1. Residue check: is VAL109 closer than 17 Å to VAL157 by Cα and touching a residue at least 60 places away in the same chain (Cβ under 8 Å)?
2. Does any residue of segment 46-68 turn out to be under 21 Å from ALA161 (Cβ atoms), surrounded by fewer than 12 Cβ atoms within 10 Å (Cβ to Cβ) and not aliphatic (A, V, I, L, M)?
3. On the basis of being outside any loop (DSSP other than H, G, I, E, B), polar (S, T, N, Q) and either at pLDDT 90 or above or within 15 Å of the chain's Cα centre (by Cα) (or both), does THR57 make the cut?
4. Go through segment 128-162 and report how many residues are within 18 Å of SER98 (Cα to Cα) and either at pLDDT 95 or above or under 25 Å from the mean Cα position of the chain (by Cα) (or both).
5. Any residue in segment 32-61 that is touching a residue at least 40 places away in the same chain (Cβ under 8 Å) sitting within a Cβ distance under 7 Å of a residue that is among the hydroxyl-bearing types (Ser, Thr, Tyr) and assigned to a strand (DSSP E or B)? List the pairs, counting only those 6 or more apart or interchain.
6. Could you tell me whether any residue of segment 79-96 is in contact (Cβ under 8 Å) with a residue 24 or more places away in the chain and closer than 27 Å to ASN129 by Cβ?
7. Residues of segment 86-111 being more than 16 Å from the chain's Cα centre (by Cα) and among the hydroxyl-bearing types (Ser, Thr, Tyr), which ones?
8. Taking the options VAL109, VAL105, VAL78, name whichever one is in contact with a Phe, Trp or Tyr (Cβ under 8 Å, 6 or more places away or on another chain) and under 17 Å from ASP149 (Cβ atoms).
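The values are calculated or read from the model by the stated rules, or taken from the named source; none is laboratory data. Given the structure is predicted, the values throughout are model-derived calculations rather than measurements. Here the Cβ positions follow ideal geometry from the backbone for every residue, glycine too, while neighbour counts run over all protein chains shown.
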Amino acid sequence: MFVVAGAVVALMGFAMGCHHTSRTSSATIEADSLTGIVSVTGTAFEQRLVLRSGDSTIPLSAATPDSAALSRLGGVEVAVVGRRESNRFRVERFTAVSVAGAPVVDGIVRNDGGRLMIETARGSIPLGNPPTALRSMIGARIWIGGPLDTGPNPYGVIIPAR
């Protein structure tokens, strides 16, 4: 009995050693990331987005809403996550990182009982002395810089409020 069981285990091991799992599922493709400065080139009718990082430039492609948002970020350093393709980088999501070398926070403007907050992927951040214009931008995705607790705060709109 033990001899038969041993032979079966040995044959199963041999058979499994020759078996290769196929990688056809898109779940096995891992996201890639890049950081660089967004540049908008072309005309109003045919804009192209590229990411400049060091000495390299890579064309970006994104879904229409993300493409519109990225086009508002010309000159802004962003971190993009997506997939490298043969001649471009397909953007799945992005975050504004810095403007003119100064760090910024990327998030959604929220009103919490009269106090403005920036809701980020890591939580909400209260704004101590926000620009007055932000009060009319509840729900907008913006980048905001400067000292968030005291201001002054430069900012830019990534996605306008609906």
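1. In short, no.
2. There is at least one residue in segment 46-68 that is under 21 Å from ALA161 (Cβ atoms), surrounded by fewer than 12 Cβ atoms within 10 Å (Cβ to Cβ) and not aliphatic (A, V, I, L, M).
3. yes
4. 15
5. LEU34/SER53; THR35/SER53; GLY36/SER53
6. The answer is yes, given that some residue of segment 79-96 is in contact (Cβ under 8 Å) with a residue 24 or more places away in the chain and closer than 27 Å to ASN129 by Cβ.
7. SER86
8. It is VAL105.
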